[in-house]
Amino acid sequence: MSRYKGTTYSRLKAINAEVDTFTVAPVSATAATLTVTAASHAGRTIVLNRAAGVAVTLPAATGSGNAYHFSVGTAVTSNANTIKVADATDVMGGAIVVGSVTDGSATAFATQATSDTISMNGSTTGGLAGGLVTLVDIAANVYAVSGSLSGSGSEATPFSATVS
């Protein structure tokens, strides 16, 4: 408490109010590619806002604890939104629920041992506006993943192994 010695109670209360109202603005991704960095994106929400899809590359998983949040702001109408790990040694572990706006059904899809890519094609694997995916760097070479995506038609897994 010596750090605040001489600081009045009302000033401490004001400092606390400033901290409580501090927010970090989301990042809008509108280019064809996005290379995620800890400095620019950790703890922030990245809004995927390109109808032709955004190809996202995560930083190498080191166990930093950094969380990366992705939201679909613009529905994919061609290509796909993709989120890939940095290299062939990194993988994802967890599950994503894909819900169909066509019939209201939903299916949870778990990763496989080699999953390193999430694809949202605008229909069966998600990619409609409102989807949310979070990846947390939990260990060297491992991202934990969770989320929910909105799609159309019969749901299909958004996970694959494409990074080599």
Suppose we flag trypsin sites (Lys or Arg not before Pro) only when DSSP calls them loop and at most 15 other Cβ atoms lie within 10 Å. Which is the longest uninterrupted stretch of the chain?
45-164
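Can you tell me which of 64-71, 30-37 comes out highest on packing, and rank the rest after it, using the mean Cβ neighbours within 10 Å?
The densest-packed peptide leads the list: 64-71, 30-37.
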Excluding Thr89 itself, what net charge comes from residues whose Cβ is under 14 Å from its Cβ, given Lys and Arg +1 and Asp and Glu -1?
-3
Chain lengthening between Ser164 and Ala113 when straightened (0.36 nm per residue, less Cα-Cα):
16.9 nm
Rough spin-label spacing in nm, given labels placed 7 Å along Cα→Cβ, for Ala52 and Ser105:
3.4 nm
Unit Cα scatterers, Debye sum, the stretch 74-124: log10 I(q)/I(0) for q = 0.14, 0.20, 0.30 Å⁻¹
-0.44, -0.81, -1.17
In the chain, if the dipole is taken from +1 on Lys/Arg beta carbons and -1 on Asp/Glu beta carbons about the Cα centre, which of Ala161, Val27, Thr74 is farthest to the positive end?
Val27
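Restricting to bridges with both residues inside the chain, how much of the DSSP beta-bridge set is antiparallel, in percent to the nearest 5?
Given both bridge residues lie in the chain, the antiparallel proportion sits at roughly 55 percent.
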Over the chain, relative contact order from alpha-carbon pairs under 8 Å, at least 6 apart, %
22 percent
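None of the figures in this text is laboratory data; all of them are computed from the coordinates on show. No experiment lies behind these values; they were computed from the predicted model shown. Backbone-built Cβ (ideal geometry, glycine too); neighbour counts: all protein chains shown.
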